[in-house]
Amino acid sequence: MIDAQYCQLMARYNAWQNDQLLGVLDEMSDEQIRHNRGAFFGSIFETLNHLLWGDTMWLSRFGFCPPADVPGSESVRYCPDYPAYKSVRLAMDQQILDWSLAVSDQQIKGMLEWHSVMSGTNLQAPMWECIVHLFNHQTHHRGQVHAMLTQTGVKGPVTDIPFLPK
């Protein structure tokens, strides 16, 4: 079982990881970011767009923001360009941090019900499982981005939680 402190730690980790990635991406060309590298979602940019879309959808299910305005099948095109992505990413990271400070241990122990547009069904799961999925999904796709950065010869950021600034 997780608690509110776990949510706060992972929200801080998420913001730190994304901030480091943005620093790396700021130095890359649009072509490097958009080049199809054979990953599940193709490019660095498409993978990051999907991840941002997923964060938006989960936070909306948690009742903390509106849902994404594009369907899941278009998640890789959530933001049209890197400047738009960077702006929305930074705002979403702040929303995740704000949510982590507002969520209670009692809420985490509850159930979450939502309608999945991807499956076309109503779903229900323990809230804590959904929260763990949110943060696991982020880590999974940032790992893919890290591998794609390595393919370009760019050094990816440090990812170890013990190095997370206090």
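The values are calculated or read from the model by the stated rules, or taken from the named source; none is laboratory data. If you're wondering where the values come from, they're calculated on a predicted model, not measured in any experiment. Don't worry about glycine lacking a Cβ; one is built from the backbone with ideal geometry, like all the others, and counts go over all protein chains shown. For accessibility, only protein heavy atoms count, side chains too; no ligands or nucleic acids. Shrake-Rupley method; radii C 1.70, N 1.55, O 1.52, S 1.80 Å.
Details
- Lys/Arg +1, Asp/Glu -1 at C-beta; the stretch 100-166 dipole; positive extreme among Pro126, Leu149, Val103: Leu149
- Heavy atoms of His50 accessible to a 1.4 Å probe, total area in Å² rounded to 10: 20
- Segment Gln95..Arg34, full-extension length gain: 19.3 nm, with 0.36 nm per residue of separation and the alpha-carbon distance subtracted.
- 0 to 90° range, to nearest 10: angle between helix 44-61 axis and the chain longest Cα axis: 10
- Relative contact order of the chain, defined on C-alpha pairs under 8 angstrom at six or more residues apart (%): 30
- Simple spin-label estimate for Val70 and Asp3 in nanometres, 7 Å along Cα-Cβ: 4.0
- Efficiency of FRET between Val132 and Asp81 - r from beta-carbon atoms, R0 35 angstrom, step 0.05: 0.65
- Area of Ser104 that stays accessible when all protein chains are in place (1.4 Å probe, Å², to 10): 40
- Close amide H partners of Cys65, meaning residues 5 or more places away or on another chain with modelled amide H under 5 Å apart, are Ser60.
- Per residue accessible area in Å² of the stretch 54-109, where ligands, DNA and RNA are left out and the probe is 1.4 Å: 50
- Additional length obtainable on full extension of the chain from Val117 to Asp105, 0.36 nm per residue less Cα span: 1.5 nm
- Subtracting the Cα-Cα distance of Ala147 and Gln124 from 0.36 nm times their residue separation leaves 4.9 nm of extension gain.
- Rounded to the nearest 20 debye, the dipole magnitude of the stretch 8-88 is 280 debye, with +1 charges on Lys and Arg beta carbons, -1 on Asp and Glu beta carbons, and the Cα centre as origin.
- Only protein heavy atoms count here; under a 1.4 Å probe, Lys109 has an accessible surface of about 130 Å².
- Dipole magnitude for the stretch 35-134: about 160 debye, using +1 per Lys or Arg Cβ and -1 per Asp or Glu Cβ, origin at the Cα centre.
- For Leu112, residues with placed amide H under 5 Å, excluding near neighbours: Ala125, Met127
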